[in-house]
Amino acid sequence: MTRILGIDPGSLVTGWGVVDAAGSTVGFVACGTVRTDRTTDLATRLRRIHDEVRALCAEFRPHEVAVERVFVDRNAGSALKLGQARAAAICGSFDCGAAFHEYAPREIKLAVVGTGAASKEQVAHMVRALLGIEVKVAVDASDALACALCHAHGRGLQTRLRAGALAGLPAGARVLPRIGRARRPGRRRSGR
């Protein structure tokens, strides 16, 4: 079993979610948010994010940490603050020695909902359905759980790919069975 901490960084609200992954089964452990005071300076908010993530790592002892990549929008100032909050969260996870992974927002939505253009409501609904959570979850916490789920699903694929490599298949070989026969381009079957 692998414990995964998912983090959805933000300078005002940082979401977090913890799941346990064993093979293709993923179970919900806990989730929540780190809220900072808008009236305090940025350095104080970053310190709070760092300290809270560090405390979460000490409590839940994750093996792996999955963090959403910074989405760069038109507002460079907001992107910079978001990047700093992300860095504070990442640095807060260093003490636990967990492996670090990052995912683009579209990649997370695609893994959880099936489309990279999913709304936050769709992501929240699928997170609750996939993890069997019956209560409402804060949007930032469900985004963090989605990040953890994305990583858990990707881990399964990586395990299958490594198994193929260990079985003597060359790098890049297909691990999944092929359906049907491949034809050479430009050749037609005769007699039909």
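The values are calculated or read from the model by the stated rules, or taken from the named source; none is laboratory data. Treat the numbers as computed from the prediction; the structure is a model and nothing was measured. Don't worry about glycine lacking a Cβ; one is built from the backbone with ideal geometry, like all the others, and counts go over all protein chains shown.
Given the criteria touching a residue at least 24 places away in the same chain (Cβ under 8 Å), of a type in the set (A, V, I, L, M), more than 26 Å from H153 (Cβ to Cβ) and touching a strand residue (DSSP E or B) at 6+ places or on another chain (Cβ under 7 Å), does I49 qualify? Judged against the criteria, I49 is a match.
Yes/no matrix, rows are residues, columns are (1) in a helix (DSSP H, G or I); (2) modelled with pLDDT under 95:
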| residue | (1), (2) |
| --- | --- |
| F28 | no, no |
| V34 | no, no |
| P62 | no, no |
| F71 | no, yes |
| A79 | yes, yes |
| L82 | yes, yes |
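Here S24 meets each of (1) over 18 Å from S142 (Cα atoms); (2) in contact with a helix residue (DSSP H, G or I) (Cβ under 8 Å, 6 or more places away or on another chain); (3) at pLDDT 95 or above with one exception, condition (3). Taken over the stretch 112-140, residues that are out of contact with any Phe, Trp or Tyr (no Cβ under 8 Å at 6 or more places or on another chain), of a type in the set (A, V, I, L, M, F, W, C) and either under 21 Å from S24 (Cβ atoms) or touching a residue at least 40 places away in the same chain (Cβ under 8 Å) (or both) amount to 10. If I ask for residues that are β-branched (V, I, T) and surrounded by 13 or more Cβ atoms within 10 Å (Cβ to Cβ), which ones from the stretch 35-82 would you list? Of everything in the stretch 35-82, those that are β-branched (V, I, T) and surrounded by 13 or more Cβ atoms within 10 Å (Cβ to Cβ) turn out to be T36, I49, V53, V65, V67, V70. Restricting R128, R155 to those that are at pLDDT 95 or above and under 16 Å from D20 (Cα atoms) reduces the list to R128. The listed residues are F100, F94, and the only one of them that is more than 16 Å from the chain's Cα centre (by Cα), modelled with pLDDT under 95 and more than 20 Å from V139 (Cβ to Cβ) turns out to be F94.
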